Amino acid sequence: MSIFDKTRSFTTARLLQAEGIYSYFTPIEESTSTEVRVDGEWKIMVGSNNYLGLTHHPRILEAQRRTLEKYGSGSTGSRFLNGTTDLHDELEARLAAFLRKEAALVFTTGYQASLGAVSTFIGRNDHLFLDKLDHASIVDGSRMAVGEVHRFPHSDFESLARQLAAVPPGSGKLVVTEGVFSMEGSITDLPRLVAIAREHGATLLVDDAHAIGVLGDNGAGTARHFGVDDQVDLIMATFSKSLASVGGVVAGPEHAIHYLRHLSRPLMFTASAPPASVAGVLVALDIMEQEPERRERLWDNTHRVAEALRSLGFDTGASETPIIPVLVGDPHQAARFWRGLFELGVFAHPIVPPAVPANASRIRVSMSAEHTDEQIEQVLDAFARVARKIPSSLRTGLSLGA
Ligand SMILES: Cc1ncc(COP(=O)(O)O)c(C=O)c1O
């Protein structure tokens, strides 16, 4: 028996490759904020998280160039040791103010920020409560945590309340939700969740990866959208979506962030985010405040595409944000649908288990403020044409997963 027995017999990806419907690791040769070149052909990108279209903004690129000259290409060390620059400190102060929290801590990626926040606060007698659709970074954080983990059905706050009530009195409790669910595009009912957490003496952590730049004044996220900033204890966000860079942040009370800073393994045992990436985030925050029309355009594009897809007969689930899933059901159908779109010049993603439950495979569309009317027309036309070629089981009301 060798550990390679399973690797030699792993055929899932190879079968998709043989059928020409393998969508992963596609090498992009060049990009603009809304298009990518693959194998010499330009495709409209509706699969990225570039909500505000800032990845190619001249001010961000200029700030990154200047920072490269001043600090070099990488930090070559942990935040804890030689990987903290004055830019990291400046960004932490800026994000704490932006998110209306006492302090903030910048991690190398959003994944590590989730991992750090979820794992570090949970001690042996503490309890962690996760929504079943919480992101993999939260689930992985719960696997690192030494306390007890409970998972409640997606957005089923009554189940959550029962689970909270059932733990021994006096235990520490942390509830973790996404602000905007990354595969559904739905917004969490945060006021209700805040009330339940408070009633049961639980701390609340919101992963706002997909809400920063999208929801609330200045794009400050889900808590601001609902006006409950002061009642959400901890906010986690990433820089890899609206903020057009890479990195992540956890913001909250000063004592909690101080603790995280000194005890969080996903912060301490990895090199820090490169200074140029950090500089890009600082400028992206400026632009978010100075160019609110970007968020308006993002929402116009979102409403237009969501309505058009629904009127074409697609089921977009519970989406109410720029993440618009087109439910397909069967993973193989989703891969075929992806291929059809790709051939028509549209780069979207098939989302299949384990990222979503069995029979809930989908094509996920993410809108950007920079998508033009012409690009949107082309995307919608591609969806209509592919749907004509693929059976009507993809249409609303018929059995998904068939
Ligand atoms: C909800 C959620 N949390 C965390 C992350 C991790 O962020 P990053 O990709 O910036 O590491 C993601 C990104 O996929 C996400 O969607």
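The values are calculated or read from the model by the stated rules, or taken from the named source; none is laboratory data. Quick caveat: nothing in here was measured; it's all calculated off a predicted structure. Using ideal geometry, Cβ is built from the backbone for each residue, glycine included, and neighbour counts are taken over all protein chains shown. Calculation scope for accessible area: heavy atoms of the full protein, side chains included, ligands and nucleic acids excluded. Shrake-Rupley method; radii C 1.70, N 1.55, O 1.52, S 1.80 Å.
Would you mind checking which residues have amide H under 5 Å from His349's amide H? H placed 1.01 Å from N; only 5 or more apart, or other chain.
Sorted by chain and number, the residues that satisfy this are Arg364.
What is the calculated FRET efficiency for Glu343 to Ala318, with r their C-beta to C-beta distance and R₀ = 41 Å, to the nearest 0.05?
0.90
How much FRET efficiency would the formula 1/(1 + (r/R0)^6) give for Gln17 and Arg162, where r is the Cβ-Cβ distance and R0 is 41 Å, rounded to 0.05?
0.35
When the chain is modelled as a GNM with alpha-carbon springs shorter than 10 Å, which of Ala334, Ala202, Ala97 fluctuates the most?
Evaluated over the chain, the most mobile residue of the options is Ala97.
From the phi of every residue in region 367-379, what ³J(HN,Hα) in whole Hz does the Karplus formula 6.51 cos²θ - 1.76 cosθ + 1.60 yield, where θ is phi - 60° and glycine or proline is x?
Each residue's phi maps through the Karplus curve to give 8, 10, 4, 8, 4, 8, 4, 5, 4, 5, 4, 5, 5 Hz.
Let me check the size of region 68-140 from its C-alpha atoms; what are the radius of gyration and Dmax in Å?
Rg then Dmax for region 68-140, in Å: 15.2, 49.
What order, most packed first, do the peptides 372-379, 150-157 have when packing is the mean number of other Cβ atoms within 10 Å of each residue?
Highest-to-lowest ranking by the protection proxy: 150-157, 372-379.
In 10 Å bins starting at zero, report the fraction of Cα pairs in the chain per bin as a rounded %.
5, 22, 30, 27, 15, 2, 0
Taking the chain as a Gaussian network, Cα atoms linked when under 10 Å apart, which of Gly329, Gly172, Gly40 shows the biggest mean-square fluctuation?
Gly40
If R₀ is 35 angstrom, what is the calculated FRET efficiency for the pair Arg124 and Met268, using the beta carbon separation as r and rounding to 0.05?
It comes to 0.95.
Label points 7 Å out from Cα along the Cβ direction at Phe80 and His200: separation in nm?
Rounded to a tenth, the inter-label distance reads 3.3 nm.
Counting helices only, and only those DSSP H runs with n ≥ 4, report the 222 nm mean residue ellipticity of the chain as the sum of -39,500 (n - 2.57) divided by its residues, in deg cm²/dmol to the nearest 500.
The helix-only estimate for the chain comes to -12000 deg cm²/dmol at 222 nm.
Tell me, what ³J(HN,Hα) does each residue in region 87-95 have, in order and in whole Hz, if you take phi through Karplus 6.51 cos²θ - 1.76 cosθ + 1.60 with θ = phi - 60° and put x for Gly and Pro?
Karplus values, whole Hz, x for Gly and Pro: 5, 4, 4, 4, 5, 5, 5, 5, 6.
How large a share of the accessible area of the chain, in percent, is made up of carbon and sulfur atoms when the probe is 1.4 Å and the other protein chains stay in place?
53 percent
Would you kindly state how much longer the chain becomes between Gln290 and Ser73 on full extension, computed as 0.36 nm times their sequence separation minus their alpha carbon distance, in nm to one decimal?
Once the chain is fully extended between Gln290 and Ser73, it gains 75.3 nm.
Where only protein heavy atoms count, and the probe is 1.4 Å, what is the accessible area per residue for region 248-325 in Å²?
Roughly 39 Å² per residue, with all protein chains present.
Points 7 angstrom from Cα along the Cβ direction at His258 and Met144: gap in nanometres?
Going from the His258 label point to the Met144 one covers 2.3 nm.
Distances over 17 Å make up what percent of all Cα-Cα pairs in region 83-206?
Roughly 60 percent, once rounded to a whole number.
With every protein chain kept in place and ligands, DNA and RNA left out, what is the accessible area per residue of region 1-123? Probe 1.4 Å, answer in Å².
Result: 55 Å² per residue.
Quick check: pseudo-label points 7 Å beyond the Cα along Cα→Cβ at His303 and Glu62, how many nm apart are they?
3.4 nm
Starting from 0.36 nm per residue, how many nanometres of slack lie between Asp373 and Trp42 once their C-alpha separation is accounted for?
Extra length from Asp373 to Trp42 when fully extended: 117.5 nm.
Set Lys and Arg Cβ to +1 and Asp and Glu Cβ to -1, take the dipole of the chain about its Cα centre, and tell me which of Ala97, Leu52, Tyr259 lies farthest positive.
Tyr259
Per residue, how much accessible area does region 351-392 show when a 1.4 Å probe rolls over the protein heavy atoms, in square angstrom?
45 Å²
Give me a comma-separated list of calculated 3J(HN,Hα) values for region 130-144, in order, Karplus coefficients 6.51, -1.76, 1.60 applied at θ = phi - 60°, integers in Hz, x for any Gly or Pro.
Couplings: 10, 5, 4, 9, 4, 4, 3, 5, 6, 4, 5, x, 5, 6, 7 Hz.
Using a 10 angstrom cutoff on alpha carbons, build the Gaussian network for the chain and name the most mobile of Trp299, Trp338, Trp42.
Between Trp299, Trp338, Trp42, it is Trp42 that shows the largest mean-square fluctuation.
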